[in-house]
Each structure stands twice: as C-alpha cells, then as structure tokens.
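Contents: one structure, followed by commentary.
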Amino acid sequence: MSEMSSCSSKAFDSVKHEQLKEILQKTEIDENDIAVIANLYWQQRTKIRIDTNMSEAVKIKRGVRQGCVMSPAIFNLYTEYILRTIDNIPGLTVGGININNLRYADDTVMLAENEDDLQKLVNTVKEESEKCGLFINKERQIQW
C-alpha cells in the first residue's frame, strides 16, 4: 500500500469566490442557501490602514470568513468538487468500495495499492487544486 498525506497551503484564504459561485451552482444546493452565501461573500470590500493612512475600498475576491460557522462547510464543498476528479483512480478496495482519499478540514490522505496509482492521484489533485487556487503545502507533505 502507498499513502501520502498533504495539506493545502493557506487553504481557507485561497478559496476563489468566482470559482465557489460556479461550484455552488453546479451542486444541488437550494438557491436560497446560495443567496445567503452570496450575501456573505460576493461584493464584499475592505479598507487597509497603515499607521494613520486609510486605503480606498478593495474588493475581496478570495477566502472564506475566519470564525464563520459556515466556512468549514463551504471549504468542504470546494474541495469535494476538486476531489471528485479522482473518483475513478484506483485506491484501496474496502468492502467492494474504492477508497483513494480520506479528508479532514484542509488535510487529505491519498491511498493507493501502488506508487503509480498514488502518483496519478497526486498529479490529478495537484492540477485540479491549482485550477481552483489551492496549492499543496510541500512542507506538510509526507509519503509512506
């Protein structure tokens, strides 16, 4: 068995709002729930203060709100979209079910019977993650 553990770099800060909007619309999430999320994220602005100087308003285009109870669920939807691309890559078969990844928050463990399949998993997840603005934190990547 081959196994690799990884973590996304600055995961919660990396969620692209436009990409999130597309993902939410592709899922079976109720339009009212999408509207609530849209009100929290779309068209949000902030100002930056350095000493006594205040900047003009800047549009926030990425990231989920720190401390918001919905942020982990929103991030999970985002990563679920990415990880669906590896559904057909062989992992470990348990009770007739292919299991090629285990997740908790921004941590993912990818599982395969051999190194070739593990490399396919890693390459696919890396490519799809980068399309969505997430990058694997190489400092926290471990392979067994």
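We did not get these values from a lab; they are worked out from the coordinates using the rules stated. Since the model is a prediction, treat every value here as computed from it, not as a measurement. Don't worry about glycine lacking a Cβ; one is built from the backbone with ideal geometry, like all the others, and counts go over all protein chains shown.
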Per the rule of 0.36 nm per residue minus the C-alpha distance, extending ARG65 to PHE135 adds in nm 23.3 nm
Per the C-alpha gyration tensor (a ≥ b ≥ c, the square roots of its eigenvalues), segment 39-133 is rounded if a/c is under 1.5, else prolate if a/b beats b/c, else oblate; here it's prolate
If R0 = 30 Å, then GLN25 and ILE50, at their Cβ-Cβ distance, give a FRET efficiency to the nearest 0.05 of 0.20
Quick note on SER14, SER129, ordering by fewest other C-beta atoms within 10 Å, gives SER14, SER129
Put in order of increasing Cβ neighbours within 10 Å, starting from the fewest, LEU83, LEU102, LEU118 give LEU102, LEU83, LEU118
A chain fully extended from GLU18 to GLN119 at 0.36 nm per residue, minus the present Cα-Cα distance, gains in nm 33.4 nm
The local net charge around LYS120, scoring Lys/Arg +1 and Asp/Glu -1 for residues other than LYS120 whose Cβ lies under 12 Å from its Cβ, equals -4
In whole Hz, the Karplus estimates of ³J(HN,Hα) for segment 79-95 (6.51, -1.76, 1.60; θ = phi - 60°; x where Gly or Pro) are 6, 4, 4, 5, 6, 5, 5, 10, 3, 8, 8, x, x, 9, 9, 10, x
Rounded to the nearest 0.05, FRET efficiency between ARG84 and ALA57 (Cβ-Cβ, R0 35 Å) equals 0.45
The residues LYS47, LYS131, LYS21, sorted from fewest to most surrounding Cβ atoms within 10 Å, come out as LYS47, LYS131, LYS21
From the Cα centre of segment 95-138 to that of segment 37-74, the distance in Å is 29
Taking r as the C-beta separation of TRP42 and LYS126 and R0 as 25 Å, the FRET efficiency to the nearest 0.05 is 0.35
